[in-house]
Amino acid sequence: MTILLVDDEMLVRNWLSMLISQLGRSDVTTLSVSNAADALECCRKQKVDLVITDITMPQMSGLDLLKALSEEFPEIKTAVLSAYDDYKY
């Protein structure tokens, strides 16, 4: 299983990667990128099973990323993990 972490904050990406690695599963690979455009490019270049994304990022939001992923890669599972406190989403 390949998990792609998408967040503009490096500390968050590193923390999530560390948590996932503590599961002790040798069949899980974690990739990380800092923005939605790079996430789409990554998904185009290799098979990704799960994308975990932040909502608020520069240029393209996590919600825009989810829409693009659902159109281009409907088989990829997605999750949003955010500390953003604007509940209009």
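Looking at (1) surrounded by fewer than 16 Cβ atoms within 10 Å (Cβ to Cβ); (2) assigned to a strand (DSSP E or B); (3) not acidic (Asp, Glu), which one does LYS47 not meet, given that it meets all the others?
(2)
I'd like the full set of residues that are open to solvent by less than 60 Å² (accessible area, probe 1.4 Å), at pLDDT 95 or above and not small (Gly, Ala, Ser), limited to region 50-89.
LEU50, VAL51, ILE52, THR53, LEU65, LEU66, LEU69, PHE73, ILE76
Among the residues of region 16-34 satisfying the criterion of being of a type outside the set (Ser, Thr, Tyr), in a loop (DSSP other than H, G, I, E, B) and out of contact with any helix residue (DSSP H, G or I) (no Cβ under 9 Å at 6 or more places or on another chain), which is nearest to LYS77 (Cα to Cα)?
Taking region 16-34 first, the residues of a type outside the set (Ser, Thr, Tyr) are 16, 18-20, 22-25, 27-28, 31, 33.
Okay, now just the ones that are also in a loop (DSSP other than H, G, I, E, B), so 22-25, 27-28.
Going one step further and asking which of them are out of contact with any helix residue (DSSP H, G or I) (no Cβ under 9 Å at 6 or more places or on another chain), we end up with 22-25, 27.
Values: GLN22: 21, LEU23: 19, GLY24: 21, ARG25: 19, ASP27: 17 Å.
Filtering first and then ranking leaves ASP27.
Can you say whether THR56 is in a strand (DSSP E or B) and touching a helix residue (DSSP H, G or I) at 6+ places or on another chain (Cβ under 8 Å), as far as the supplied structure shows?
Here the answer is no, as THR56 does not meet what is asked.
The values are calculated or read from the model by the stated rules, or taken from the named source; none is laboratory data. This is a predicted model, so every value here is computed, not measured. We place every Cβ from the backbone using ideal geometry, glycine too, and count neighbours over all the protein chains shown. The accessibility values were calculated without ligands, DNA or RNA, using every heavy atom of the protein model including side chains. Shrake-Rupley method; radii C 1.70, N 1.55, O 1.52, S 1.80 Å.
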